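The values are calculated or read from the model by the stated rules, or taken from the named source; none is laboratory data. Not measured: the values here are computed from a predicted model. Ideal geometry is used to build each Cβ from the backbone, glycine not excepted, and the neighbour counts take in all protein chains shown. We work out accessible area using only protein heavy atoms, side chains counted, and drop any ligands, DNA or RNA first. Shrake-Rupley method; radii C 1.70, N 1.55, O 1.52, S 1.80 Å.
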Amino acid sequence: ELLSAPQVAAKHGFDLLGAVMLAYMVKVFLTYVTRYHRRAQRERRELLLGAEALSTANRELEESQRETRQLSLVARHANDSVVISKPDHGILWVNDAFTRTTGYSLQEALGKSPGRLLNGPGTDMAVSARIGTEIRKGRPYRTEILNYTKSGQEIWIETNLVPLLDDAGATDVVIAIERNITETKDHARQLAEAKCRAEDAARAKAAFLATMSHEIRTPMNGVVGMADLLLEADLSEEQRLYAETIRNSGESLLVIINDVLDYSKIEADKLALHREAFDLEGCIHEVVMLLQASARDKGLAILVDYDLFLPTRFLGDPGRIRQVMTNLAGNAVKFTVQGHVLVRLLGVPQDDGRIALTLTVEDTGIG
């Protein structure tokens, strides 16, 4: 059976208006419940977020407090002095190292300007003025300055100043880390004085050697001259060999003496090597003859191995070659008990026409 809306309402005991009112009330109730539920969820989320933010803030505060305590411990117990001051109000705080270094306690330093407290008669006021300028400009600055302790003792201070600026960009607080470098300065001064003394001693030594070498050269010229006169006499072959050895040894000694006269050039690393034509094989035999007597007394043989394919004339400094060979071969004879000393000269031709020479001294001793 099909019924109209009024008939339905009449059949069930209520009219259409009541049904509409009921439906509206249900809708309003559901809307209220939904809004309440959403608001409750939002407030709950805000509460959770607030609790999390509070927890984060607490953690950050604890971390900041822990860091502050650590920095306070570092500043208080550091070996270097720490000074916190304001440009217009003087010192605000100093650590124990400042008191140990300067003798001034925190109470004695409070409110006083670091410069007026520590500067003295020997302080470079230009350095002090530069410190003030850099602080006013808000720029970090590192320098060294002479200060005075409470008892009037001079101390050298290396200071590192770090200005902290306010919102307007002006210097609000200055943190200074200062180190006592008095011992370092004294050490540097002692080194400088020792250097001056060493240079004076070197000059005195050079003057002494120049004088002595000059005095030695005079009789050596006589020895060489007499050897030349002796060689003009009628000598046997053995006597001529001995006289030539005396003359060659005297000439070698004169070369060394002349080098001592030019000692300043040696110390300045400006010793020049001469370039002249000379007989290399003859130069080697001169050294061998010079050492032959010492070798004969010890029962040693001095052997020479000279490459037959080498030319006899070379360009170089024969005096230096004799000097080096005499040192090497002389040591070989000195430290060889039995056997022989071998002086060997080998040459390898080069593409440019020159010859690479290798001179060796070998012995059967400990060398």
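Quick one: grab the alpha carbon gyration tensor of segment 129-208, order the square roots of its eigenvalues as a ≥ b ≥ c, and give me rounded if a/c is under 1.5, else prolate or oblate depending on whether a/b is larger than b/c. Prolate, because a/c is 1.5 or more and a/b exceeds b/c.
For Lys137, the accessible surface of its heavy atoms amounts to roughly 120 Å² (probe 1.4 Å, protein chains only, rounded to the nearest 10). Rolling a 1.4 Å probe across all protein chains gives Arg130 an accessible area of roughly 110 Å². If R0 is taken as 22 Å, the Cβ-Cβ distance between Ala129 and His187 corresponds to a FRET efficiency of 0.15. What the Cβ-Cβ distance of Ser113 and Leu47 gives, at R0 = 56 Å and to the nearest 0.05, is a FRET efficiency of 0.55. Between rounded, prolate and oblate, where does segment 248-367 land on the alpha carbon gyration tensor, with a ≥ b ≥ c its root eigenvalues, rounded for a/c under 1.5, else prolate if a/b exceeds b/c? Because a/c hits 1.5 or more and a/b fails to exceed b/c, segment 248-367 counts as oblate. Pairs spanning more than 25 Å between alpha-carbon atoms, out of Lys86/Lys150; Lys112/Lys150; Lys150/Lys195; Lys112/Lys137; Lys112/Lys185: Lys150/Lys195; Lys112/Lys185.
Residues Val337, Val361, Val94, sorted by accessible area with the largest first, give Val337, Val361, Val94 [1.4 Å probe; ligands and nucleic acids excluded].
Rolled with a 1.4 Å probe across the full set of protein chains, the surface gives Ile177 an accessible area near 70 Å². Surface exposure of segment 139-284, expressed per residue as accessible area with a 1.4 Å probe, stands at 66 Å².
Per atom type, segment 132-228 shows carbon and sulfur on 58% of its accessible surface, probed at 1.4 Å.
Between Lys205 and Ile366, residue separation times 0.36 nm minus the direct Cα-Cα distance comes to 54.5 nm. Compute the orientation-averaged projected area for segment 108-264 from the convex hull of its Cα atoms and round it to one decimal in nm². About 16.8 nm², averaged over all directions.
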